[in-house]
Amino acid sequence: MKVLVVGPGGREHAMIMSLLRDPHVSEVHAAPGNAGIARDVPVHPLNAQDPDAVVALARELAVDLVVVGPEAPLVAGVADALTEAGIPVFGPSREAARIEGSKAFAKEVMAAADVPTARAVATSDLAQVREAFEQFGAPYVVKDDGLAAGKGVVVTDDRERAEAHARECLDAGGSVLVEEFLDGPEVSLFVLSDGTHVVPLQPAQDFKRVRDGDRGPNTGGMGAYTPLDWLPEGFAGEVVERVARPVVDELRRRGTPFTGVLFCGLAVTSQGMRVIEFNARFGDPETQSVLAVLETPLGQLLLDAATGRLSEEQPLEWEPGAAVTIVLAAHNYPGAPRTGDVITGLEDAAREEDTWVVHAGTARDAAGNLVSAGGRVLAVVARGADLGEARERGYRGMEHITLDGSHHRTDIALDAAHGRVALPGVGAASSSPADPDGGTGADAPPTARTAEEQA
Ligand code: AMP
Ligand code: GLY
């Protein structure tokens, strides 16, 4: 099987590494890729958001499958164009991708499919925003609707700040969602779908804030780990039956079947599991951790999803143990990152046991040096018998790497490795002991939360 992977980042590099391990896959191509991807497979220049260009490249390479990594090409209709051209594609149509592109649409689908999520008011009227604040109380959650405006999500105890964010979105001609606050740790669960069948991968957890202790602004993700031993028994199965299957059924019923991966962003709250958001693609950097322990060949699995042949009977196989991903970010990320700085030490990092480097924002300069080319530059991924060992290896690997002005979190998977992720509420089933020091688990205390989502 020949596969083309579309996208430029760490998620795509991790998928390519996994595809290269699949005996069914004879050839992998990437477009546009990055410097690390270019070392592993042939790369091709491409405007990934131009559906005709993607179809032309897939035809030229005569690939059997196109895997679309990021959401922007999906929203631009790349999967639709490939399907029309008769080329199998892993990734949903433009219509189905609205489950990520519009928060109001996602809420509407969830309401129709009876999926548990935060109560929300969608409005473009400031008086209704204020009413919703009264109704839900603090902390206040205000979300800009849609990808386009990109002003994102604010979670704050400061009512004036919440109202200011709402006003800003409304003044720009948009609408907002005001939501009830979900207490409890967040979980990312990727569920593959061929439009009908649904197969969950192993849950992972992402670290969204830029600094240790879940402080500072939101990022695309500073690290991730899997598995999540602190989850209640049967969690993935519950998400499939209460969230993924109803949503996939609802989208099929509407004539816009969902093919690809439904990324369920969840909170484990004192009231039970709730959906925070959906994405129509794999998460970055959760994918780096999840694929590190997936034993089932990835290429065949993605082709099965793309061609309506996903099997719910055949359970996926997983390596025992854990995987931890630590992201190295450029100077000033998540603000405008500085690029063009030289990166060294990757070979030494990858010499650590069960440790490798996944490239995200990397390029070659005119002299051939490896340099930074984006906010999240690379990630060290390590496997171990448990989270503690995976962490040790990953952080040892990171010590070898130099990049001027760069930063990374030092507490990825730390609480989980020490059994300190506490589920809120008395009724919450947890096998791990509550933190005797009163640790806050995956989330900072609400008073510290003022998030600006960087899409
Ligand atoms: P979203 O773009 O909807 O994923 O929101 C970005 C981030 O804001 C999430 O990953 C959460 O950390 C936080 N967030 C979003 N909605 C809520 C909510 N209802 N309650 C608490 N935190 C939230
Ligand atoms: N890591 C979260 C995301 O990919 O959206």
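A few remarks follow.
- Other residues whose C-beta falls under 11 angstrom from the C-beta of residue 297 contribute a net charge of -3, scoring Lys and Arg +1 and Asp and Glu -1.
- Cα gyration tensor category, rounded, prolate or oblate, for the range 94-189 with a/c compared to 1.5: oblate
- Histogrammed with a bin width of 5 Å, the alpha carbon distances of the range 1-65 distribute as 4, 19, 33, 25, 16, 3, 0 percent, first bin at zero.
- Dipole-positive endmost among 371, 199, 360 within the chain (Cβ charges, Cα centre): 371
- Only helices enter this figure: runs of n ≥ 4 DSSP H residues, each worth -39500 (n - 2.57), summed and divided by the residues of the chain, yield -8000 deg cm²/dmol at 222 nm to the nearest 500.
- At 0.890 mPa s and 25 °C, Stokes D of the chain from Kirkwood alpha-carbon radius, µm² per second: 110 µm²/s
- Annotation: extensible slack from residue 53 through residue 254 equals 69.5 nm (criterion: 0.36 nm per residue apart, minus Cα-Cα distance).
- Size of charge dipole - the chain - debye, nearest 20, with Cβ of Lys, Arg +1 and Asp, Glu -1, no other charges: 580 debye
- Its relative contact order, with pairs defined as Cα atoms under 8 Å and 6+ residues apart, puts the chain at 18 percent.
- The residues of the range 292-337 expose, per residue, 41 Å² of accessible area to a 1.4 Å probe.
- At a probe radius of 1.4 angstrom, the accessible area of the range 74-171 per residue rounds to 43 square angstrom.
- Full extension of the chain between residue 158 and residue 124 gives 10.2 nm of extra length, using 0.36 nm per residue less the Cα-Cα distance.
- A Förster distance of 51 Å, applied to the separation of the beta-carbon atoms of residue 336 and residue 21, puts the FRET efficiency at 0.90.
- Shown for the chain: the carbon plus sulfur share of the solvent-accessible area, taken with all protein chains present and a 1.4 angstrom probe, equals 48%.
- Sum of side-chain charges, residue 65 neighbourhood, beta-carbon under 12 Å (Lys, Arg +1; Asp, Glu -1): -3
- With all pairs of separate Cα atoms included, the range 282-438 yields a Kirkwood hydrodynamic radius of 17.7 Å.
- Applying 1/(1 + (r/R0)^6) with R0 = 22 Å to the Cβ-Cβ distance of residue 62 and residue 309 gives a FRET efficiency near 0.55.
- Taking every protein chain into account, the 1.4 Å probe leaves residue 356 with about 60 Å² of accessible area, to the nearest ten.
- Calculated P(r) tail over 16 Å for the range 253-329, as whole % of Cα pairs: 67 percent
- Of all DSSP beta bridges in the chain, antiparallel share, percent nearest 5: 80 percent
- Extended-chain gain in nm, criterion 0.36 nm per residue less alpha-carbon gap, residue 229 and residue 385: 54.8 nm
The values are calculated or read from the model by the stated rules, or taken from the named source; none is laboratory data. A quick note: this is a predicted structure, and the numbers were derived from the prediction, not measured. Backbone-built Cβ (ideal geometry, glycine too); neighbour counts: all protein chains shown. Heads up: the accessible areas ignore ligands, DNA and RNA and are worked out on the full protein's heavy atoms, side chains in. Shrake-Rupley method; radii C 1.70, N 1.55, O 1.52, S 1.80 Å.
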